[in-house]
Amino acid sequence: MTNNVTDKIQEMEWALECASRIIKKKHESSSRQLRKLQASDVLLTDLKRQLAEKDDFLRKLMGSICRITAVDSGNNRPHSITSRISVIIPVRNGGERLKDLLGKIRSQKKVLDVEIIIVDSESTDNSVQIGEEFGAKIIPILESEFNHGGTRTLGAQHSTGDYLVFTVQDAIPVSNYWLYTMICPFISHPELAALSAKQFIKPEADLFSLWSHERMAAFLGFQGDTMYSLSVGPGDADWRYFDSKTKRIMTFFDDVSSCIRRDVFQEFKFRPVINAEDIDFGTRLLENRKPMAYLTSTGVYHWHENGADDVFKRNYIGTKAQVYILENHMSNYFDLHGINLNRMAEHISGMYKLISVCIAEMGAVVPNPIAAINSFVKSLKKWLDSSPNDTELKWNRIKEKSGSAFYSLINELFVDIPLDLEQQYNFKQNCLTSMFMHHIEEFAAYLCQSQQSLQGREDELIDSIYKLFAIEAGTKLGLYYLEVEMLDRLTPLHQRIDHLLARGVCYSQEMDTEDSLVETEKTYIGQ
């Protein structure tokens, strides 16, 4: 009995000693981990401090380099502008809107000498006759010769004005003082090289256009007539190291409604690029420390009511152009996340089908904006968690009703790419889901603030949802193409898709040949 008790006591003592050792080791381990955590916390705190110091330095640096001041309207405005003003307009089948524009130009007040230059790209309507009726000088070119930069420069070369005003055939000046108001800042500010004036929009425009214009105004943040430039100090940092938003604002120039001093234009001109010629022009002015301005006090009514396919193309082209011209930083996002061309095709195709399914399930759009958006979002959340087979089955039932130009374009782009069903409907890993939802939230906030009812605008809401998706799909596909190009992995399939998306935006379908493709690749990036 005694021996048994003794044995038990010894066993217990041994167990306690082992437990003590384990506890001691765990304590030592915990202490080491605690010290590591404390050291990490110190490093993290130091890193946060350094980041805050860097942000403060960048703010001060930008404040000293980026000069943003109000345009001085002053009381010394001339009674009238005696200098010659040349208004240059690229035209292709301008029709009645061109007639309205020219009539408004000829009715401008306080400007004594205005010439109109029309560069016509083989119009098949009565655009040339309309131009001649209003005394315009007509410069004919072949449609195949058109590009946004070179065509405008050609028009300028045939002009004789001291100030060159650029606009487009479907814009309408907001008042009869449009030209006068654009010229006055050049008189008040002799250093001013060029300016843009605001694109206005009328309340009867479609919902997506109304939202887009408000979104652009918020992005720019100009509260009034504003002049901006870089300082000329010898120690200035390279502007290309600014964040992409700052670069876009500081290089902002919009030739839908713009004016340039003749001597400035002769020095810089629009380069013969097929797209984003105004961003390129603004960038070169900024690099050379030439002040630019943006006027909110005048401008033109202008907006496009094109389909989601056009929104998709323009965001794809615009994304590429801004990265090329502004030299924005590129990461390896798609490569790091294993997203190749097949995955991009699946993400775009799958998200389009999901949206179509959700819209079909919504049924009739209710007039209340909040209820209408909630109905779509509720359906979206439901189908995000559905099985691929269920979503595909639902899509097959409604796809004949979704025969839009946008869907046709998606099919044309990815016709040679096999799509995996599971990947198409894997929305948790879809690279478009997050930002698409963000666009929906922004759009919903706008609707709730600006629209009491959707009565009569039900179709516009549906179109807007597709266009919100087209923004993100075009942007992401553009970034993907740039990354593949940067990694030197472009294939003929990538280039075919790129060419299809440029068609109709940068050049016409009639130019769709191998020779024009080669030329497009050269001129797109301004080489």
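Structure data summary
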item: All positions within the range 386-415 that are within 30 Å of the chain's Cα centre (by Cα), modelled with pLDDT under 90 and exposed (fewer than 11 other Cβ atoms within 10 Å of the Cβ); result: 401, 403
item: Tabulated pairs, the range 243-263, first at positive phi, second of a type in the set (Phe, Trp, Tyr), C-beta under 6 angstrom, 6+ apart or interchain; result: none
item: Subset of the range 435-453 [in a helix (DSSP H, G or I) and over 24 Å from the mean Cα position of the chain (by Cα)]; result: none
item: Total residues in the range 121-157, condition of a type in the set (S, T, N, Q) and without any contact (Cβ under 8 Å) to a residue 60 or more places away in the chain; result: 7
item: Residues satisfying the stated conditions in the range 251-280, i.e. more than 25 Å from residue 174 (Cα to Cα), assigned to a helix (DSSP H, G or I) and within 20 Å of the chain's Cα centre (by Cα); result: 280
item: Residues (polar (S, T, N, Q), assigned to a loop (DSSP other than H, G, I, E, B) and crowded, with 17+ Cβ neighbours inside 10 Å) located in the range 122-177; result: 123, 147, 159, 169
item: Count - residues of the range 335-380 that are within 16 Å of residue 478 (Cα to Cα) and either of a type in the set (Asp, Glu) or in contact with a Cys (Cβ under 7 Å, 6 or more places away or on another chain) (or both); result: 4
item: Some residue of the range 198-219 being assigned to a loop (DSSP other than H, G, I, E, B), at pLDDT 95 or above and surrounded by 21 or more Cβ atoms within 10 Å (Cβ to Cβ); result: no
item: Residue count, the range 281-290 (criterion: buried (at least 19 other Cβ atoms within 10 Å of the Cβ) and either of a type in the set (Ser, Thr, Tyr) or part of a loop (DSSP other than H, G, I, E, B) (or both)); result: 2
item: Residue 133 assigned by TED's automatic domain parsing to the domain that holds residue 101, touching a Lys or Arg at 6+ places or on another chain (Cβ under 9 Å), among the acidic types (Asp, Glu) and within 16 Å of residue 273 (Cα to Cα); result: no
item: Breaking point among (1) over 30 Å from residue 492 (Cβ atoms); (2) within 25 Å of the chain's Cα centre (by Cα), for residue 432; result: (1)
item: Residues of the range 416-445 satisfying the condition of being free of Cβ contacts under 8 Å to residues at least 60 places away in the same chain and either buried (at least 19 other Cβ atoms within 10 Å of the Cβ) or not hydroxyl-bearing (Ser, Thr, Tyr) (or both); result: 421, 422, 428, 429, 435, 437, 438, 439, 441, 445
item: Odd one out for residue 277, checked against (1) within 29 Å of residue 460 (Cα to Cα); (2) of a type in the set (Asp, Glu); (3) crowded, with 21+ Cβ neighbours inside 10 Å; result: (1)
item: Listing of helices (runs of 4 or more DSSP H) fully contained in the range 316-412 that carry 1 or more residues being in contact with a Phe, Trp or Tyr (Cβ under 6 Å, 6 or more places away or on another chain) and not aliphatic (A, V, I, L, M); result: 333-336, 341-362, 388-398
item: Sole residue being farther than 17 Å from residue 405 by Cα and at pLDDT 95 or above, chosen from 342, 315; result: 342
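Yes or no, residue by residue, for (1) more than 27 Å from residue 396 (Cβ to Cβ); (2) without any contact (Cβ under 8 Å) to a residue 40 or more places away in the chain; (3) buried (at least 21 other Cβ atoms within 10 Å of the Cβ); (4) not polar (S, T, N, Q):
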site	(1), (2), (3), (4)
297	yes, no, no, no
304	yes, no, no, yes
312	no, no, yes, yes
317	yes, no, yes, yes
321	yes, no, yes, yes
327	yes, no, no, yes
333	yes, no, no, yes
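Per-residue answers, yes or no, for (1) modelled with pLDDT of 90 or more; (2) over 30 Å from residue 121 (Cβ atoms); (3) within 21 Å of the chain's Cα centre (by Cα); (4) not aromatic (Phe, Trp, Tyr):
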| site | (1), (2), (3), (4) |
| --- | --- |
| 455 | yes, yes, no, yes |
| 464 | yes, yes, yes, yes |
| 483 | yes, yes, yes, yes |
| 505 | no, no, yes, yes |
| 525 | no, no, yes, yes |
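The values are calculated or read from the model by the stated rules, or taken from the named source; none is laboratory data. No experiment lies behind these values; they were computed from the predicted model shown. Reconstructed Cβ throughout: ideal geometry from the backbone, glycine too, with neighbour counts over all protein chains shown.
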